[in-house]
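> Right, I'll just put the structure down here and ask away after.
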């Protein structure tokens, strides 16, 4: 069973690498490598199987290191750019699946610019984003800055909900800084470690579904609207 999973992960890694989605490919290589390492630890007897497992571990460890070096080289050269096209009604694009791999323990601040954090469901989306940052940073996140817009669509109740979130984050030692502007249009997430994620629809790319339906809670199972995601490192901004 685990060998089949490792094989699928490796095939996906090859496909992703072919489509220049290198950071996703790296994650797949690392996950398959972990499976082979665990199998090697459980293989007590010397023999053909253990030799084959050692070969797999060595091969994919080398592959992962080379891919990691390639990503770093592209970042340093200002040439790193990933583009992900999300098709209408496709699934598998929760915030964690889409950009969770870029958030780690080094991230103590994140800036998000999204003009449409107004209605309750959009605030819930933003809450999910905050939860992801808090979890993936291993609780090291200190400041989340939200720059959004405010107009007649945003009731005082919605603003109060944002303030409730702000107060709750403070109890976890996270400062939520909220600014409003009626001139912003672009959607962008900027992380302290240099990664920048631009989503055409911002955080609001999930379709509405009925309660008690699959995908209501797990956003990897929630159908999406069509949108394009561009991911790059700040060293690459000049070349985009």
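> Helix 120-136: angle to the longest alpha-carbon principal axis of the chain, degrees 0 to 90, nearest 10?
Tilt relative to the chain: about 40 degrees.
> Given the DSSP H assignment, sum -39500 (n - 2.57) over each helix run of at least 4 residues in the chain and divide by its residue total; what's the result at 222 nm in deg cm²/dmol, nearest 500?
Taking each H run of at least 4 residues, the total per residue is -14500 deg cm²/dmol.
> Report, in degrees rounded to the nearest 10, the 0 to 90 angle that the Cα long axis of helix 48-76 makes with the longest principal axis of the chain.
40 degrees
> Taking every DSSP beta bridge with both residues inside the chain, roughly what % is antiparallel (nearest 5)?
The antiparallel proportion sits near 60 percent.
> Expressed as a rounded percentage, what relative contact order does the chain have, with Cα pairs under 8 Å and six or more residues apart?
Relative contact order comes out at 24 percent.
> Just order 50-57, 140-147 by mean Cβ neighbour count inside 10 Å, highest at the front, would you?
Output ranking for 50-57, 140-147: 140-147, 50-57.
> Can I ask one more? Most mobile of 79, 68, 49 per a Gaussian network model of the chain (Cα springs, under 10 Å)?
49
> Sort 201-208, 41-48 by packing, meaning the average of other beta carbons within 10 Å per residue, with the highest value first.
The densest-packed peptide leads the list: 201-208, 41-48.
> Testing the spin-label approximation: label points 7 Å from Cα along Cα→Cβ at residue 120 and residue 34. State their distance in nm.
3.7 nm
> In degrees between 0 and 90, to the nearest 10, how far off the longest principal axis of the chain does helix 156-170 point, with axes built from Cα atoms?
That helix lies at roughly 50 degrees to the long axis.
> Among 28, 130, 217, whose mean-square fluctuation peaks in a Gaussian network model of the chain (Cα, cutoff 10 Å)?
Highest fluctuation of the listed residues: 217.
> Taking square-rooted eigenvalues a ≥ b ≥ c of the alpha carbon gyration tensor, is the stretch 162-240 rounded, prolate or oblate, where a/c under 1.5 means rounded and, failing that, a/b exceeding b/c means prolate?
It is oblate, given that a/c is not under 1.5 and a/b is not larger than b/c.
> Give me the percent relative contact order of the stretch 2-76, please, defined on Cα pairs under 8 angstrom at least 6 residues apart.
30 percent
> Which of 136, 63, 211 moves the most in a Gaussian network model of the chain with Cα springs under 10 Å?
Of 136, 63, 211, the most mobile in the Gaussian network model is 211.
> Still on this model: Please report the spacing between the Cα centers of the stretch 51-84 and the stretch 172-186 in Å, no decimals.
36 Å
Any read-out appearing in this document is the output of simple, stated calculations on the displayed coordinates, not a laboratory observation. Source: prediction; values computed, not measured. Counting neighbours? That spans all protein chains shown, and the Cβs are built from the backbone with ideal geometry, glycine included.
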